[in-house]
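Chemist: Take a look at this one; I'll ask things after.
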Ligand code: MOS
């Protein structure tokens, strides 16, 4: 077999710098922090989806052992409006008697122990006036929002193209609600000191929590400090300031003690949002040889009554493949449900399932290999604007993946690759992920001993930010990785963006890049003022950095260590601030392309039972420059598991009568276990991306995307059954 040669885009797979802290229990997650005099809170949630509270009896709860305080809408503090941060945040809790979804917080109980708080919370009696709830997206009474983000897109003339297309696919694809379920139970420990407030809090964006809490409690921003050095996963769940956070803050103020509020697993289902279900209507027009002439993609997703959400399922159809005529439109519908929220690859995950299923259907319709049809319709340039991509290795992902997988061994005939009583199917899907980057800042400091530390308010949600930023800074400062200490997850540090949208590495990395450049400049300037320095009169452009030393390019002997420059000038440290703002596509004349990928899956379907087993997965991704091969691989592996979950297991079931989430535990909400996950081959291709100075595209989310359609497409190859709804269940396959 000839091996495809890859350019060097992979950074060293060094172990996590925070690994030892985590495995020895020294990493303090918000849950782990205990403060002297701390009290514990438990929440009470509504048991109807719509209506009003008419009476609450808290007498028994107040008399219960250890109880310090019971707060309901009748005695809650009046809080200020929650500002939008990129997107809406829930308005402060307990401000009125209205019930908008089942599971809404209606009281918080504070006691000396968690057990006492939880026991007392169960003693509160509530009477409601029930209103009819709207729980079905097709309910005509439900409020519909067209073009919610002003991003509906169209070019060419889709109607005419579809009418004239010799071949057409017209199908509906649906995905179920999923819940993020990070392992670490979200916790807020609120502690007041006079008019200043400290929060140890599980989230993905400390500065956002700081901003929202400050606004609600009428505090200046710097009176609120949010600490999130570690968080037990997020998957998008930590991207808003959820209502339990102000509840903990309010409770701490009421009892005059620090208060810890740790959500339970069922509360995580209603309190942190979930991935919306989606309906995708897709119409593809094509020539007889499989070339796309039209894509029409419309989606409908759900919203809570008083929230918003960015979930543009149809947008994948505007950048994945070349088509002269495209329409992409999204709609949302408001229901009496808990908040819908970002969950790993919001919009893309669902939209990609629909598009990549439809492309597969088209391949069968025109008699083309499902791999070939994707290569045939590869978008050489941005199909919307005609501009070049900042990078796009989708073709390469497909080619390399096919080779690693052994796609050429596929017998195209349905049901032809039998192995005993199992029907074997090969499925493929392409992935084109959105691009996202937000402003970010960082500070880099070199100490007197020549070591460095980097500070930013952002948090590492377990993806490896501590490690890859230490690697990046070490490379830029000419230090070893273990000479760079990372300090993250504190809102008082330089303002940082969200660990979300797969955009943190580009945003923070570009800020670290900027700070390191400025810091080296400062060292060069300092050396320049020292007539005895070997670097006197050497211009910045001619200076290189390695092994803790600055030296003249091409003449390593002519240089000076960072430590020595500081010593000569009597400095204990030297620092520089760095900022990054996303480049402008117009100025660069290119379209920033998010990560690209290809999934190849072998499924085995039990002929008698309809049981689907995923036997092999090859996942090839273009993330631009990869800062750490090992962590990137882990990230893709985790995403792949999430993709298998979305395809075959995950389904947040809402009872259509009560609005209650019926499976809000890890016993009832199915996720893949080890035995469900096969051998996964992970590979990276591509080249450094041209859009930011460090050449990265985020890979936090792409691993999940495309797994579900590849599995569904494999099931079709195995059985001839086209399944257009997720999760795929045995009864549908039978
Ligand atoms: Mo991701 S859903 O932006 O954490």
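Read-outs: derived from the displayed coordinates by stated rules, not from any lab. No experiment lies behind these values; they were computed from the predicted model shown. A quick note on method: Cβ atoms are made from the backbone with ideal geometry, for glycine too, and the neighbour counts reach across all protein chains shown.
Chemist: Using the basic label-point model (7 angstrom from Cα toward the beta carbon), what is the residue 586 to residue 546 distance in nanometres?
Modeler: Roughly 4.3 nm, to one decimal.
Chemist: Fewest Cβ neighbours within 10 Å first, please rank 53, 661 accordingly. Please report the intermediate quantities before stating the final value.
Modeler: On the way: 53 21, 661 24.
Lowest to highest Cβ neighbour count: 53, 661.
Chemist: Using the basic label-point model (7 angstrom from Cα toward the beta carbon), what is the residue 530 to residue 449 distance in nanometres?
Modeler: Calculated label separation equals 2.0 nm.
Chemist: Give, in nm to one decimal, the length gained when the segment between residue 54 and residue 265 is fully stretched (0.36 nm per residue of separation minus the Cα-Cα distance).
Modeler: On the way: separation 211, 0.36 × 211 = 75.96 nm, distance 2.83 nm.
That works out to 73.1 nm of additional length.
Chemist: Fewest Cβ neighbours within 10 Å first, please rank 717, 73, 569 accordingly. Display every interim value, and only then the final one.
Modeler: Numbers: 717 28, 73 16, 569 13.
Ranked by crowding around the Cβ, least crowded first: 569, 73, 717.
Chemist: Here is a further query. Binning every alpha carbon pair distance of segment 9-143 at 10 Å from zero, what are the percents per bin?
Modeler: Spelled out bin by bin, segment 9-143 gives 10, 26, 27, 19, 12, 5, 0 percent.
Chemist: Shape call for segment 386-489 from the C-alpha gyration tensor, a ≥ b ≥ c root eigenvalues: rounded (a/c under 1.5), prolate (a/b greater than b/c) or oblate?
Modeler: Numbers: a/c = 3.29, a/b = 2.55, b/c = 1.29.
Prolate, since a/c reaches 1.5 and a/b exceeds b/c.
Chemist: Please state the Cα pair-distance histogram of segment 440-581 with 10 angstrom bins from zero: what percent is in each bin?
Modeler: The calculated distribution, bin by bin, is 13, 43, 29, 13, 2.
Chemist: Regarding the chain, what is the average projected area of its C-alpha convex hull, in nm²? Display every interim value, and only then the final one.
Modeler: Details: hull surface 136.8 nm².
It is 34.2 nm².
Chemist: Multiply the residue gap between residue 132 and residue 611 by 0.36 nm, knock off their C-alpha separation, and tell me the result in nm, one decimal place. Don't skip to the end; give the middle numbers.
Modeler: Details: separation 479, 0.36 × 479 = 172.44 nm, distance 3.92 nm.
Gain on stretching residue 132 to residue 611: 168.5 nm.
Chemist: Return the distance in nm (one decimal) between the two label points of a simple spin-label model at residue 78 and residue 629, each offset 7 Å from Cα along Cα→Cβ.
Modeler: Using points 7 Å along Cα→Cβ, the separation is 6.3 nm.
Chemist: Separate question: For segment 659-697 and segment 225-289, what is the separation of their C-alpha centers, rounded to whole Å?
Modeler: The two parts, judged by their Cα centres, are 18 Å apart.
Chemist: Give the distance, in whole Å, between the Cα centre of segment 164-189 and the Cα centre of segment 507-553.
Modeler: After rounding, the separation between the Cα centres reads 48 Å.
Chemist: Quick one: what do you get for segment 501-630 if you divide its Cα Rg by 2.2 N^0.38 Å? List each step's numbers first, then the result.
Modeler: Numbers: Rg = 24.3 Å, N = 130, 2.2 N^0.38 = 14.0 Å.
Ratio of Rg to 2.2 N^0.38 Å for segment 501-630: 1.74.
Chemist: When N counts the residues of segment 437-485, how does its alpha-carbon radius of gyration compare numerically with 2.2 N^0.38 Å, as a ratio?
Modeler: Values: Rg = 11.1 Å, N = 49, 2.2 N^0.38 = 9.7 Å.
Dividing the Cα Rg of segment 437-485 by 2.2 N^0.38 Å gives 1.15.
Chemist: In whole angstrom, note down how far apart the Cα centers of segment 82-159 and segment 435-455 are.
Modeler: 38
Chemist: Can I ask one more? For a test of the definition: using alpha carbon positions, the gyration tensor, and the 1.5 limit on a/c, classify segment 255-337 as rounded, prolate or oblate. Don't jump to the answer; show the numbers that get you there.
Modeler: Details: a/c = 4.00, a/b = 3.29, b/c = 1.22.
Because a/c hits 1.5 or more and a/b exceeds b/c, segment 255-337 counts as prolate.
Chemist: Give, in nm to one decimal, the length gained when the segment between residue 164 and residue 658 is fully stretched (0.36 nm per residue of separation minus the Cα-Cα distance).
Modeler: Numbers: separation 494, 0.36 × 494 = 177.84 nm, distance 4.73 nm.
Stretched out fully, the residue 164 to residue 658 stretch lengthens by 173.1 nm.
Chemist: Only helical DSSP H runs with n ≥ 4 go in: add -39500 (n - 2.57) per run for the chain, normalise by residue count and round the 222 nm mean residue ellipticity to 500 deg cm²/dmol. Write out the running numbers ahead of the final one.
Modeler: Numbers: 17 runs with 179 residues, N = 734.
Helices in the chain give a 222 nm mean residue ellipticity of -7500 deg cm²/dmol.
Chemist: So, one more: Find the all-direction average of the projected area of the Cα convex hull for segment 314-411, expressing the result in square nanometres with one decimal place. It would help to have the intermediate numbers written out before the result.
Modeler: Working: hull surface 35.0 nm².
Projected over every direction and averaged, the Cα hull of segment 314-411 covers 8.8 nm².
Chemist: Taking Cα pairs under 8 Å and at least six residues apart, what relative contact order does the chain come out at, in percent?
Modeler: Working: 1918 pairs, mean separation 121.4, N = 734.
Relative contact order for the chain comes out at 17 percent.
Chemist: Can you sort 435, 281 from fewest to most other Cβ atoms within 10 Å of each residue's own Cβ? Provide the component values of the computation, followed by the final result.
Modeler: Values: 435 23, 281 16.
Ascending Cβ contact count within 10 Å gives the list 281, 435.
Chemist: Residue 22 label point, 7 Å along Cα→Cβ, cut-off 17 Å on backbone N: hits in segment 451-488?
Modeler: 459-471, 486-488, by backbone N distance to the label point.
Chemist: I would also like to ask the following. Please express the Cα-Cα pair-distance distribution P(r) of segment 610-734 as a list of whole percents, one per 5 Å bin, running from 0 to the bin with the greatest distance.
Modeler: Percent of pairs per bin, in order: 2, 10, 18, 18, 16, 13, 10, 7, 4, 2, 0.
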